[in-house]
Structures are given as C-alpha cells and as structure tokens.
1. Consider only pairs whose beta carbons are under 8 Å apart and that are at least six residues apart or on different chains; among these, list those whose first residue lies in segment A:73-84 and is farther than 16 Å from A:Gly45 by Cα and more than 10 Å from chain B (Cβ to nearest Cβ) and whose second residue is in a loop (DSSP other than H, G, I, E, B) and of a type in the set (D, E, K, R).
2. Name the single residue that is nearest to A:Asp43 (Cα to Cα) among those in segment A:329-367 being part of a loop (DSSP other than H, G, I, E, B) and open to solvent by less than 20 Å² (accessible area, probe 1.4 Å).
3. Give the residues of segment B:98-124 that are within 23 Å of A:Asn117 (Cα to Cα) and within 14 Å of chain A (Cβ to nearest Cβ), sorted by residue number.
4. Determine which single condition B:Lys67 fails, assuming it passes every other condition in (1) among the basic types (Lys, Arg); (2) in contact with a helix residue (DSSP H, G or I) (Cβ under 8 Å, 6 or more places away or on another chain); (3) crowded, with 17+ Cβ neighbours inside 10 Å.
5. What's the number of the only condition in (1) within 23 Å of A:Gly42 (Cα to Cα); (2) open to solvent by 10 Å² or more (accessible area, probe 1.4 Å) that A:Ala122 fails to meet?
6. Take the residues in segment A:172-212 that are farther than 18 Å from A:Lys141 by Cα and within 14 Å of chain B (Cβ to nearest Cβ), then tell me which one is surrounded by the fewest Cβ atoms within 10 Å (Cβ to Cβ).
7. Out of the residues in segment A:286-307 meeting the condition of being crowded, with 23+ Cβ neighbours inside 10 Å and within 14 Å of chain B (Cβ to nearest Cβ), tell me which one is nearest to B:Met100 (Cα to Cα).
8. Return the total of residues in segment A:231-262 being away from chain B (no Cβ under 14 Å), part of a loop (DSSP other than H, G, I, E, B) and not aromatic (Phe, Trp, Tyr).
Amino acid sequence: MAERRRSGVAHSIRRLRLRIIGLLCASLLLAGCSTTAVRGSGDLGLVIERASGSVQLVDNTRRERLATVKGLGDLSHASAVFSRDARYAYVFGRDGGLSKVDILTGRLAKRVMQAGNSIGGAISSDGRVVAAQNYEPGGVKLFDADTLELLSEVSTRDPASGQSSKVVGLADLPGNRFAFSLFEAGEIWVIDAADPRHPVTTRYRNVGRQPYDGLASQDGRYYLAGLFGEDGLALLDTWHPEAGVRRVLDGYGRSTEKLPVYKMPHLRGWALSGGQAFLPAIGHNEVLVADTRDWQLRAKVAVHGQPVFVMAEPSGRRVWVNFAFPHNDTVQVIDVPTLTVVKTLKPGRGILHMEFTPRGDEVWLSSRDDDKLVIVDTATLTVRHELPAASPSGIFFSWRASRIGM
Amino acid sequence: MGLVSVIHPIGRRRLPLLRPLAGLALLLAASLAAAAPPVVEPSPMRATAIRHLVRQDCGSCHGLTFKGGLGNPLTAEALAGRPDEALLATILNGRPGTAMPPWRSFLTEEEAKWVIKWLKDGAPE
C-alpha cells in the first residue's frame, strides 16, 4: 500500500494536509471556537494600524499575523496596556475611545467613548483599574478593567482660570498608584487608586514648563517627566515623596542652539542600563546619558536626528533610537559600554515605533510609509523578516502585562 | 547627519524680514479689496507629498484627522475666520514659546498658502 512505501510525494502531501489543518485550527481559534487547541498569550502582540482604526494581532515567535480587529475608531495616536493575565489589551485611541481587545480570540470585547481627545493610559498594579489620560477635556478617568465601567474622574481643571490641563505621561506605580504630568500647568500629580471610586491626589507644583511626557522606572521608584519648555527633566523619587520633585539634567542643551522639534519624543520606552538612563534631548540631535545614582549628566551621544524613542534591549547591552521627521527613515543602535553608535539602519520610511521580543532576541519596527513591520535580529543587527501592515505605528507585545510602568 | 543642516532654526532670524512682507501683504490685500488671494496649485506629485506631510507630520500634534492633540485643531470649522496671513506666518515661522516649529525648510510660501486653502476646504483627499 502507498502508506507503507512512504514516498517523498506522499510525505509532502501529508505535510501540506497538516499545514491546512493547522491553518484551519488557527482560523477557528481566531473565530472564537472553543473546541480548538489551547495556546498561551505570552508571545502575542498588537500593532496599531493608525489610518484604518484597526489593530493587527501578531505572534512574535512565528513572526506572523494572526488577525485584524477593526472598529477601534481614530487610532492616529494610540497606545495599549495589557490585563495582568495577558489576554486582553486596552487600546486608548485619539478620539477618546477605550477598547478592550481579546488577543486570544481576536475580538473586540468592549468599547466605550470616554473623552473627546485622548492620548493613552495605564493599568493599576493589581490589574483592576484602567486609567485613561485625556487632552480634551483633560484629566484622568478610572475604569473597572473587567467591565470598563467609569469609577471616578480626576479633573485637571484649574478653578481660577477655568482651563483644563492636558494630561501627559501617565504611568502606573506600585501600590495601585498612577503618576502623570499636566502640560499647561507644569505639575506632576500622583493618584492613589487603592479605592478607585475615591482616588487620593498628591500634587507637585512648579515642576517645570510644558512637561510633554513621563515615565516610571522599571522598579516603579522614579517618575521622570521630560520638559518641552526647558532644558531639563523633572524627577520624583516616590520612595521620598517628602523631598518633592527636583530638576535633573538642568541646562543639558546650554551653549548649543535648540533645533525646531518636529515630533515630541516619547519617554515610555524607559532606557535604563547598567546604572545609566538614556533619554532623548529635546531640540538636539543627541541622546543624554545620566547616572541613575545621582542623576548627573555623564555623556551625550551624537545621533542622526532628534530622538523620539530611546529604548534599551531587555539585556541592557544596546540602546535603540528612532528619530523625528525628517529623519524618521533611520534607526541607530548605541553600544552601552562604549557609548558609541555601532549601527545605522534604514529599515523603511516613517519608522514610528520599536518593540523588543520578550528577551530581546529581535526588535520589531513599524514603517508607517512603507506599510510594513520590519523584524531585526539584535545579535546580527540585520533584517530577518518583514510583514505587511497598514500604516503601522505602535507595537505592543504582551510581556508588558507583567512590567511596571508599561 | 547630512540633513541636519536643512533644519536650521530660521524662525527668529527671519522675523524682521517678515514684517515688511506682512506690510506688503496687507497693502496687496487692501488694493485687491475682497478678492481672494490667488493660490498656486502645486504639481499633482508635489500636492500628494504635501498632503502626506501635513496629515502625517503636522498630524503628530494636530491629529491625523486634524481634530487636535497637543496642537490645536486644524479642521475647516476651527480655521474658519482665522486670517490667512496669521496662519501663513505660523506655518512658516512657527510660534516661539509653543511647540509649533517653523516649516519653512519644508514648504515654500506658495505651498504653505495652498496648505491653508486645503485645510480650510476640509482637507479633501
């Protein structure tokens, strides 16, 4: 019989058949069929397709697209955080939409319109509260992570002027707290959401002009806000809140003229490696290197343009940098021990975001203007694979579910 | 690094030059009375590039749909009644003290005028 002969042809047919069955299983899984095989979510991720209001779900082990979820509204600026079981992604859209996406079934689980103009959000350390930061009408709203029911609102409206500050740089801190910055008011606020229906706010005033973004350190101890209106950053050591917010890297751009800024840097990709912090210099083609023991400026690394994201590999060995318009076709890699640029890549046009696989063996780049994702091997610094994506921006992998400040 | 020299900060340096220009524009506007200023249409290829620039790169702050973000909305409704001269100066020179940078290195004056008209028309594709 043919089975016994095991010819090469029969073998290929069998393999093909298995692949078809595999594909069917995958599509059934994505259709939400409960009879298909179980799988983990630890190597899944989500790519924002900014022009079409959709997100692409990807598998970063097999480097493939799993599904596209549509109907998320205006994602021209969007970010995502994950439930602590890494099953759901909460996507914050520009139009104030908050969408809960089931990344295992590829379905939109829930969606609420919570503001007029939103910028991003965070999830509490216990995973029960999702916080959204808003431009219009300003302030922060807290939601039940299960139901997306509104629990409370923290207004940034100044009673004297009537103006609401735009909220930037919202980050989770340990103990169900959130820190964020007020763009117009120049303040940092920390809210304790232990009782999310009655959050308690601590205000730090006069932290500096126009904080544009903020980040929490990986251990959740420090909250750092970048300032657009001044050369410097505002630092809160949450182990010593009584010491207040202090200025660090003050006057880093002194003696050199500030260049026009065509895109605000993003600080969410915290770049901390070997006791050093790597930060974008506003208005300068430089990455700032600070010593995290005393927050003094140690070095400036000259780079190709104005940095947008400055992100350390999970190992901390290298730091990857992308750039603002008109240099957004370039990515540079800084070697941490020598503080030198060791590689300049031109992976595609409009490189908006970078995301490492969980342990950093690959980095995924989104190329907005070439409608693709570029997957780069971090050992050889060469392109390993490309995937199609419609005008991609943010890439968010599910390992973020278990990290502070992500 | 080659492109760095392209984005020199011109805003402040060219402002004095702009004043007589603005004066001239006012004179012209006055002499033309209510007539709309002529807007030169860029070549189709350049128009596509400019629309992409405005949507994507202005959109970083003003939103891809121009409904605003860190920057103000640029929708037809938001711009209605705003004088073209002021908008032109903002685009070309930026607004010192705010996050608005000068775009003179990337757009000519004629192109910036066309952008204003395009935005006021509701940014059709």
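1. Short answer, once both residue conditions are applied: A:Gly73/A:Arg94; A:Gly73/A:Asp95.
2. Within segment A:329-367, the match that is nearest to A:Asp43 (Cα to Cα) is A:Thr357.
3. If the condition is that a residue be within 23 Å of A:Asn117 (Cα to Cα) and within 14 Å of chain A (Cβ to nearest Cβ), then B:Thr98, B:Ala99, B:Met100, B:Pro101, B:Ala123 are the ones that fit.
4. Here B:Lys67 clears every test but (2).
5. Result: A:Ala122 fails condition (2) only.
6. Across segment A:172-212, the extreme among qualifying residues is A:Arg209.
7. A:Gln306
8. To start, the set of residues in segment A:231-262 that are away from chain B (no Cβ under 14 Å) comprises A:231-252, A:254-255.
Within this subset, residues satisfying the condition of being part of a loop (DSSP other than H, G, I, E, B) are A:231-232, A:238-240, A:244, A:249-252, A:254-255.
Okay, now just the ones that are also not aromatic (Phe, Trp, Tyr), so A:231-232, A:238, A:240, A:244, A:249-251, A:254-255.
So the answer is 10.
The values are calculated or read from the model by the stated rules, or taken from the named source; none is laboratory data. Owing to the predicted nature of the structure, the values given are computational and were not obtained by experimental measurement. Counting neighbours? That spans all protein chains shown, and the Cβs are built from the backbone with ideal geometry, glycine included. Just the protein is used for accessible areas: all its heavy atoms, side chains included, with ligands, DNA and RNA removed. Shrake-Rupley method; radii C 1.70, N 1.55, O 1.52, S 1.80 Å.
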